[in-house]
1. Suppose R0 equals 25 Å; then what is the FRET efficiency for SER184 and ASP107 from their Cβ-Cβ distance, rounded to the nearest 0.05?
2. Report, for segment 101-219, the % of DSSP beta bridges that are antiparallel, rounded to 5.
3. Could you tell me the number of lysine pairs in segment 92-225 with C-alpha atoms less than 29 Å from each other, where the two lysines are 8 or more residues apart or belong to different chains?
4. Using a simple charge model, +1 on the beta-carbon of Lys and Arg, -1 on the beta-carbon of Asp and Glu, nothing else, what dipole does segment 92-135 show about its Cα centre, in debye to the nearest 20?
5. Give me the extension gain from HIS293 to GLU160: residue separation times 0.36 nm, minus the current Cα-Cα distance, reported in nm with one decimal.
6. Through the Karplus equation 6.51 cos²θ - 1.76 cosθ + 1.60, θ set to phi - 60°, convert the phi angles of segment 121-130 into ³J(HN,Hα) values in whole Hz; use x for Gly and Pro.
7. Just subtract the alpha-carbon distance of ARG248 and SER217 from 0.36 nm times their residue separation and send over the number in nm, one decimal.
8. Take the Cβ-Cβ distance between LYS122 and ALA256 as r, set R0 to 35 Å, and report the resulting FRET efficiency rounded to the nearest 0.05.
Amino acid sequence: MLQECSATRNNHSRPSPIAQKTRPVRLTFQLRHISDTFHSFIQSRLISFIAYRLFTYNHKCATIQESEITVAGKISKHKREEHAIRPDHRGYGSRVIFFGEQKQDADARRLEMLERDLLGTKRMFSEVLWPVFSTLDGFQLEHRIVGGSGVSMYIDAFYEPLGLAFESEGFAFHAENITRERFSFERAKIRAMLKNGYVYVPFTMDEIDKKPEACRSSLYEILRYWGGRQPSEEITLHERELLRYVSRLGRPFKLADVETCLRMKRTFCLNLIKGLAAKKLIKPLHPSRKRNHYYELEKDSNKYL
């Protein structure tokens, strides 16, 4: 009896062969189902995350681009207003207005001359004439003169108060590729200027681009000889440039400002400050101190600006 009961208990506790085969299959199926579900969930979440990041990135890029366009527009508008109201040290705003005014009262032939590129004339005004005169009053572009044979000739820039005829001449047009007829015409044009009592002042494009300081220095000497704007007391070109730079700063200046303006060595800049102080064109900001690091302009310096 006991043996039968133990046998029966062992039979109930031991799984059947079919159950032994079915259980691992069901467990494998469940694991695969869970794995597939997990992968699908991860894949969907990953796709959602990537799509969200791409959307956020594109939105940020669009926002940054719009802000950059807005800022650039404000800056360009500010620059246009600034040039229109207060010209820079090259007289950009004044030159734009000046070139436009020259076309208003021009006849057909002169207007045709003014409609050209005038690259050389613009460079001459930017690098030579404006830094010296600081004004465009008295200038006329493409000034008409009549030669001996009745042919109309045009001067690039004519300064009426002193009768100065400024010409900007490029090597290719005026020398390299010139014909015999053009060569004779250029000589006749110079004689026509002298006949009208004008002073012929030519500058080459190479000089304007590579040696603008030499061109300005030469023009200062011409103005001094012909009774121009140069004051009686002589100042050097570097001193004049420094006075103009300081006047645009609108505050007391120091040695570092002079070095920034002229890009010269420290010793040269110190001697320049001493020379301007000796000429009473600048004065120390605190005269009572033994050492002065800041200077300001004197009233007499305005005639050199």
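1. 0.45
2. 60 percent
3. Within segment 92-225, the lysine pair count is 9.
4. Dipole size: approximately 100 debye.
5. 43.5 nm
6. Working through the residues one at a time gives 5, 5, 5, 5, 5, 5, 9, 10, 6, 5 Hz.
7. Contour length minus Cα-Cα distance gives 9.0 nm.
8. 0.60
Bear in mind that the values in this text are calculations on the coordinates, not laboratory data. Everything quoted here is computed from the prediction, not taken from an experiment. Virtual Cβ from ideal backbone geometry, glycine too; neighbours counted across all protein chains shown.
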